[in-house]
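A quick write-up on the structure given underneath.
The values are calculated or read from the model by the stated rules, or taken from the named source; none is laboratory data. Predicted model only: the values in this text are computed from it and were never measured. Reconstructed Cβ throughout: ideal geometry from the backbone, glycine too, with neighbour counts over all protein chains shown.
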Amino acid sequence: MVQQLTRAKSSSAWKVISSQDAEIEPLVRQLAGLAQPSDQPHDRRDRVRVPFSRLVALTPVANASLDDPGDPVYVVGKNLAQQGLDFFHSQPFPHRYAIASLETGPGQQVHFLMKVTWCRFLQAGWYDSGGRFVKRVEPFANDATEEACEIRAEN
């Protein structure tokens with residue numbers, strides 16, 4: 001006897017947690033090790049930036065609505081600020097929106113929808129890009145995709 005069971009297979013889908021700067025900035029401060037926001041301007045920017053040389057997974061999405069997520073691309077962080085991230089990468093990154101997944105600890109991540117606002121070619125094989133965090137998001141399982149399993153009864 002062969003029995004068909006259906007089980008859900010998770011797919012890459014995202015939901016918005018918050019689009020409020022007041023909720024995004026404390027997470028970024030914690031990630032960057034910044035105790036408090038600074039009122040002192042640094043460099044020509046209005047927010048503090050800290051070096052952030054960690055691998056970051058960028059999952060391209062078609063738009064700010066998180067449609068059509070693609071495969072993640074791994075980039076190297078350069079600087080982290082309360083409002084965004086800049087990073088190095090070896091291939092052109094033609095996407096305007098991406099989900100930046102940043103590790104907060106062993107097996108833990110925080111995810112932000114990021115609008116990539118600039119890109120600079122540095123030298124053969126290296127680009128420097130950056131963008132602004134727009135929303136906090138998190139992945140969730142989508143039960144729309146199903147996978148069939150067979151169970152054989154032994155009699």
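Of the conditions (1) modelled with pLDDT under 95; (2) more than 18 Å from Q30 (Cα to Cα), P106 clears all except one; give me its number.
Failing condition for P106: (2).
From (1) under 14 Å from the mean Cα position of the chain (by Cα); (2) surrounded by fewer than 17 Cβ atoms within 10 Å (Cβ to Cβ); (3) over 22 Å from E25 (Cα atoms), pick out the condition that doesn't hold for P94.
Only one criterion in (1) under 14 Å from the mean Cα position of the chain (by Cα); (2) surrounded by fewer than 17 Cβ atoms within 10 Å (Cβ to Cβ); (3) over 22 Å from E25 (Cα atoms) is unmet by P94, namely (1).
I'm trying to understand the selection: among the residues of the range 67-91, which are in a loop (DSSP other than H, G, I, E, B) and over 10 Å from the mean Cα position of the chain (by Cα)?
D67, D68, P69, G70, D71, Q82, Q83, S90, Q91
In the range 7-66, which residue that is on the phi > 0 side of the Ramachandran plot and over 18 Å from the mean Cα position of the chain (by Cα) is modelled with the lowest pLDDT?
D43
Within the range 67-80, which residues are out of contact with any Pro (no Cβ under 9 Å at 6 or more places or on another chain) and modelled with pLDDT of 90 or more?
Of everything in the range 67-80, those that are out of contact with any Pro (no Cβ under 9 Å at 6 or more places or on another chain) and modelled with pLDDT of 90 or more turn out to be Y74, V75, V76.
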